[in-house]
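Before any comments, here is the structure.
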Amino acid sequence: MSLTAIGAAIAAFTGIGAGIGISLATAKATDAVARQPEADGKIMRLLILGCALAEATAIYGFVVAIMIILFS
Amino acid sequence: MKEMLNELLMADKTLIHVPFGNGFFDIYKSVVVSWIVLAILIVMIVALTSNLKVHNISKRQAAVESAVLWIRGVVGELLGEEAIGYAPYIVTVLIFIAFSNMIGLIGLVPPTMDLNVTLALSLMSIVLVELAGIIKKGPKKWLKSFTEPMAVITFMNVLELFIRPLSLCMRLFGNILGATVIMELIKHVVPIILPAALSIYFDIFDGCIQAYVFCFLTSLYIKEAVE
């Protein structure tokens with residue numbers, strides 16, 4: 001059981017990548033809106049797309065962690 | 001932890017056994033809950049759109065009109081001029097997913113927590129995307145579009161046919177499952193007050209965002225296919 005828990009914890013480390021990705025995207029989007037406030041609709045859409053794609057990696061890690069716990 | 005996950009994922013999902021042939025035809029819980037969602041939506045639609053007038057409109061009609069215009073504007077902007085005809089389907093899926101994600105508020109299990117439901121939704125999306133490409137370009141040009149921009153990249157383009165629905169389905173399923181697991185954990189630790197506050201985030205906000213992301217990606221693919 002203990003090794004299973006460690007495996008699931010390692011799978012949960014995918015969250016680091018997603019966190020860094022989303023924070024970078026948000027920082028750049030804030031910059032862009034500050035520079036060109038009239039384009040915020042387009043920037044918002046691109047930001048949501050980028051966040052969705054970056055967040056998918058964290059979701060994959062979560063699914064893998066659940067699989068490890070369930071099927072070990 | 002493992003018991004809780006087993007209870008959420010591995011439990012027998014069958015609710016109704018219908019005798020069929022010499023066995024049983026099982027109806028899953030998620031199907032019954034999505035019937036409930038559909039019933040709520042149909043009642044809302046009938047109640048909101050009955051008795052519409054051209055002149056001297058009621059407050060209810062004004063609210064419905066502005067909501068419809070707003071959501072049509074949002075989706076139309078995503079789809080672009082050429083694919084605007086697909087907006088009704090996208091809006092339907094958006095409303096259905098948003099309501100199914102929020103059904104947890106009245107104590108039911110969200111149907112989008114079942115992998116079969118999200119898989120069906122994403123298969124519908126990818127079939128619509130490819131059909132939109134075929135209708136727009138014709139079968140020959142559609143087949144040819146797999147070899148663009150280079151012939152070497154054909155394999156990647158064909159692979160994308162399978163990756164897109166898989167990622168759509170896994171994203172929705174994983175998000176809703178993750179939110180439910182976290183809510184269950186919190187309910188174990190602090191049974192009062194805190195779950196109510198957090199369910200605003202996990203049930204309402206996250207559910208709406210995921211419905212929006214699903215429709216956003218679908219309409220992006222459609223826009224790409226008809227270009």
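Distance distribution note for region B:134-195: the fraction of Cα pairs above 19 angstrom is 59%.
As a ratio to 2.2 N^0.38 Å, the alpha-carbon radius of gyration computed for chain A takes the value 1.49. Over all directions, the projected convex hull of the C-alpha atoms in region B:188-227 averages 3.2 nm² in area.
Rounded to the nearest Hz, the phi-derived 3J(HN,Hα) couplings of region B:36-51 under the Karplus curve 6.51 cos²θ - 1.76 cosθ + 1.60 (θ = phi - 60°) are 4, 4, 4, 4, 4, 5, 5, 4, 4, 5, 5, 5, 7, 9, 6, 6, where x marks glycine and proline. About the centre of its Cα atoms, the protein assembly as shown shows a dipole size close to 500 debye [charges on the beta carbon of Lys, Arg (+1) and Asp, Glu (-1) only; nearest 20 debye]. A Cα-only calculation for chain B places Rg and Dmax at 20.7, 63 Å.
List the trypsin sites (Lys or Arg not before Pro) in region B:1-90 that DSSP assigns to loop (not H, G, I, E or B) and whose Cβ has at most 11 other Cβ atoms within 10 Å. Which are they? Let's see the in-between values first.
Details: sites: B:Lys2, B:Lys13, B:Lys29, B:Lys53, B:Lys59, B:Arg60, B:Arg72; in loops: B:Lys13, B:Lys53.
Passing sites in region B:1-90 are B:Lys53.
If you take all other residues with their beta carbon under 15 Å from the beta carbon of B:Pro110, and give Lys and Arg +1 and Asp and Glu -1, the sum is -1. Restricting the chymotrypsin sites (Phe, Trp or Tyr not before Pro) of region B:22-121 to loop positions (DSSP other than H, G, I, E, B) with no more than 13 neighbouring Cβ atoms within 10 Å leaves nothing. In the Gaussian network model of chain B, springs joining C-alpha atoms below 10 Å, which of B:Glu81, B:Glu130, B:Glu184 carries the largest mean-square fluctuation? Top of the fluctuation ranking is B:Glu81.
Ordering B:Met150, B:Leu69, B:Cys208 by the projection of their Cα atoms onto the charge dipole of chain B, which places +1 on the Cβ of Lys and Arg and -1 on the Cβ of Asp and Glu, puts B:Leu69 at the extreme positive end.
Using Cα-Cα distances under 8 Å and only pairs 6 or more residues apart, what relative contact order does region B:1-105 have, in percent? It would help to have the intermediate numbers written out before the result.
Details: 46 pairs, mean separation 18.6, N = 105.
Result for region B:1-105 is 18 percent.
Debye sum, Cα scatterers, the protein assembly as shown, no solvent: what log₁₀ I/I(0) at q = 0.10, 0.14, 0.16 1/Å? For the protein assembly as shown at q = 0.10, 0.14, 0.16 Å⁻¹, log10 I(q)/I(0) is -0.70, -1.30, -1.52.
Between B:Gly178, B:Trp35, B:Val190, the Cα set farthest toward the positive side of the dipole of the protein assembly as shown (charges on each charged residue's Cβ, about the Cα centre) is that of B:Trp35.
I'd like the distance between the alpha-carbon centres of region B:31-61 and region B:181-227, rounded to an integer number of Å. After rounding, the separation between the Cα centres reads 24 Å.
Below 14 angstrom from the Cβ of B:Lys53, what's the summed charge of the other residues (Lys, Arg +1; Asp, Glu -1)? Let's see the in-between values first.
On the way: positive: B:Lys59, B:Arg60; negative: B:Glu65.
Summing Lys and Arg as +1 and Asp and Glu as -1 gives +1.
Hydrodynamic radius of region B:148-227 by the Kirkwood approach over all distinct alpha-carbon pairs: 15.2 Å.
When the square roots of the Cα gyration tensor eigenvalues are ordered a ≥ b ≥ c, the ratio a/c for region B:61-125 is 1.5 or more and a/b does not exceed b/c, which makes its shape oblate.
Only Cα sites of region B:93-227 enter the Debye sum here, all with the same form factor; the resulting log10 I(q)/I(0) across q = 0.11, 0.18 1/Å is -0.49, -0.94, listed in q order.
None of the figures in this text is laboratory data; all of them are computed from the coordinates on show. Predicted, not measured: the structure shown is a model, and the values here were computed from it. Methodologically, a virtual Cβ is constructed for each residue, glycine included, from the backbone with ideal geometry; neighbour enumeration extends over all protein chains shown.
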